[in-house]
Amino acid sequence: MQTVIAFILIFGSLVFFHELGHFLLAKRAGIMVREFAIGMGPKIFGMTKGETIYTLRLLPIGGYVRMAGEDTDTVELQPGYRVALITNEDNIVEKIILNQKTHYQNVIFLEVERADLERELWIEGYDEDDQFVRYNVSRTALVVENGMEQMIAPLDRQFNSKSVGARAMAIFAGPLFNFILAFFIFLIIGLIQGIPSEEPIIAEVIDNNVASNAGIMEGDKVVRVNGQAISTWEQLSEQIYDNPNKAITFEVERETGNEIIELTPKQVVQEDGTTYGQIGVMRTMEKNPLQAVVYGVEETYNMIVLIGTLVGKLVTGQFSIDALSGPVGIYKTTETVVTFGLYNVLYFAAMLSVNLGIMNLLPLPALDGGRLLFFAVEAVRGKPIDRQKEGMVHFVGILLLMILMVVVTWNDIQRFFF
């Protein structure tokens, strides 16, 4: 149950903040957001507030922000359509009902001759007395079809009507918010747990481990290893890490004087077959709010560099597709990380957040990076690429990503269950 809760919280938070970035920058640019969705597939919960419906969907494999004008969500009233209109006290249309069966009172039936629901906002046609009439349409008018209501989207509220810069920021904001989330997670770790000290001082000795059995004590300051001076924790870690199953000599400084202690780091074997040494000690932690901010920035930057390097190796073929993990792999890793405590879960969440941000910035169709690439081409050309062609490229990209997801998920199932 801990794993399930942790997985839902981690994955849900990553998707939520990613989509929140798209949502906030779209709203700031004046773009109408039709839907803010967490999850994909069938809707299991929906709540409408203002012009946006907030939904929770069945499949926990992502989310999306649906903006007006991105898809074919605009309403076109062709000549000959018979609609029912509801107007306000100023005779401005507030609702356009497309099907004739309606429970609304005081409606005006109209056979459409012409309509403009994007620019000047009006509708013309013949009423029941066969009189030609014209009505102005409210900017917040609702179109009702088969019981479903949707607000019209004036052209200035549509995604494609905005400048290249505004559209690019609305798309880039998703990955950006993943990096911001990672920073805040590292900041919380720094504020609550503290910042790792650079001094080679032993803060905690794990019972029944190499260090405790050898006589290492809490508060010991390691000054030499195998006769080599030690001034930082990193130097101490390297000596332990690089000497699995090899006897090494510690010189530690205590209140009672310096002591010489011999020990042999335990050999730990990683999944790829490489080994490293471990003795079972923890470093000291310092609590300082300003240092916590610096720690958050540094750790986020280091994580971006690390994951960016790994993605680069994947793209250049230095890693195979087997190195990728999908939701199943993330769940199984979460199962392991949960056993190591809250701070490790938070660190894992920050790593996943950076990973999600970087992967979405790859210049591939259907990803945020692919869309940004189209915007860059548009900025250079001075005009947008044909929407249908761009849509087809993204559609093919979605199909390829779904195939990749199936392959990765199958690899995860084989790896963890067989």
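The values are calculated or read from the model by the stated rules, or taken from the named source; none is laboratory data. All figures in this text were calculated on a predicted structure; none of them were measured in a lab. Glycine gets a Cβ as well: all are built from the backbone with ideal geometry, and neighbour counts include every protein chain shown. Note: accessible area is taken over every heavy atom of the protein model, side chains too, but ligands, DNA and RNA are not part of it. Shrake-Rupley method; radii C 1.70, N 1.55, O 1.52, S 1.80 Å.
From largest to smallest, the equivalent ellipsoid semi-axes obtained for region 39-177 from the alpha-carbon gyration tensor read 33, 19, 12 Å.
Within the chain, what's the longest run with no trypsin sites (Lys or Arg not before Pro) in a DSSP loop and at most 13 other beta-carbon atoms within 10 Å? Give the range, please.
288-418
A straight chain from A214 to K43 at 0.36 nm per residue would run longer than the Cα-Cα distance by 55.6 nm. Nonpolar atom fraction for the chain, defined as the carbon and sulfur part of the 1.4 Å probe accessible area, stands at 58 percent. Let me know the shape class of region 93-165, please: from the alpha-carbon gyration tensor, a ≥ b ≥ c as square roots of the eigenvalues, rounded when a/c is under 1.5, otherwise prolate if a/b is greater than b/c, or oblate. In terms of gyration-tensor shape, oblate. Mean residue ellipticity, 222 nm, helices only, the chain: the sum of -39500 (n - 2.57) across DSSP H runs of n ≥ 4, divided by residue count and rounded to 500, is -14000 deg cm²/dmol. Once Rh for region 302-418 is found with the Kirkwood sum over Cα pairs, what is the Stokes-Einstein diffusion coefficient at 10 °C and 1.306 mPa s, in µm²/s? It comes out at roughly 98 µm²/s.
For log10 I(q)/I(0) by the Debye sum over Cα atoms at q = 0.08 Å⁻¹, the value calculated from this model appears in [x] -0.63; [y] -0.49; [z] -0.54 under label [x].
Rg and Dmax of region 259-316, both derived from C-alpha coordinates alone, stand at 17.5, 51 Å. A cut-off of 5 Å between modelled amide H atoms, ignoring neighbours fewer than 5 places along the same chain, links R34 with R66, M67, A68.
Mean projected area of the convex hull spanned by the Cα atoms of region 23-107, taken over all viewing directions: 8.2 nm². With K and R counted +1 and D and E -1, the other residues having a Cβ less than 13 Å from that of L404 yield a net charge of -2. Summary value for region 228-317: 21 percent relative contact order, contacts being C-alpha pairs under 8 angstrom separated by 6+ residues.
Please give the per residue accessible area of region 146-189, computed with a probe of 1.4 Å over protein heavy atoms only, in Å².
Using a 1.4 Å probe on heavy atoms only, each residue of region 146-189 averages 40 Å².
Placing +1 on the Cβ of every Lys and Arg and -1 on the Cβ of every Asp and Glu, with no other charges, gives region 221-303 a dipole of roughly 200 debye about its Cα centre. Can you tell me the 0 to 90 degree angle between the C-alpha axis of helix 289-315 and the longest principal axis of the chain, rounded to 10? In the chain, helix 289-315 runs at an angle near 80 degrees to the longest axis. Once the Cα atoms are used to define both axes, helix 387-417 deviates from the longest principal axis of the chain by about 40 degrees. Enter the angle in degrees (range 0 to 90, nearest 10) between the Cα long axis of helix 2-28 and the first principal axis of the Cα atoms of the chain, meaning the one along which they spread out most. Approximately 50 degrees, to the nearest ten. Placing unit charges on the Cβ atoms of the charged side chains and taking the dipole of region 212-347 about its Cα centre, the candidate lying farthest along the positive direction among A323, N243, N258 is A323.
Restricted to Cα atoms, region 110-150 shows a radius of gyration and a Dmax of 11.3, 29 angstrom.
Fully extending the segment from I61 to A379, taken as 0.36 nm per residue of separation minus the present Cα-Cα distance, adds 111.3 nm. With semi-axes defined as the square roots of five times the eigenvalues of the C-alpha gyration tensor, the equivalent ellipsoid of region 148-263 measures 57, 15, 13 Å, largest first.
Residues in region 267-342 average 62 Å² of solvent-accessible surface per residue, probe 1.4 Å, ligands and nucleic acids excluded. Please report the net charge: other residues with Cβ closer than 13 Å to the Cβ of L263, K and R +1, D and E -1. Here the count lands on -2.
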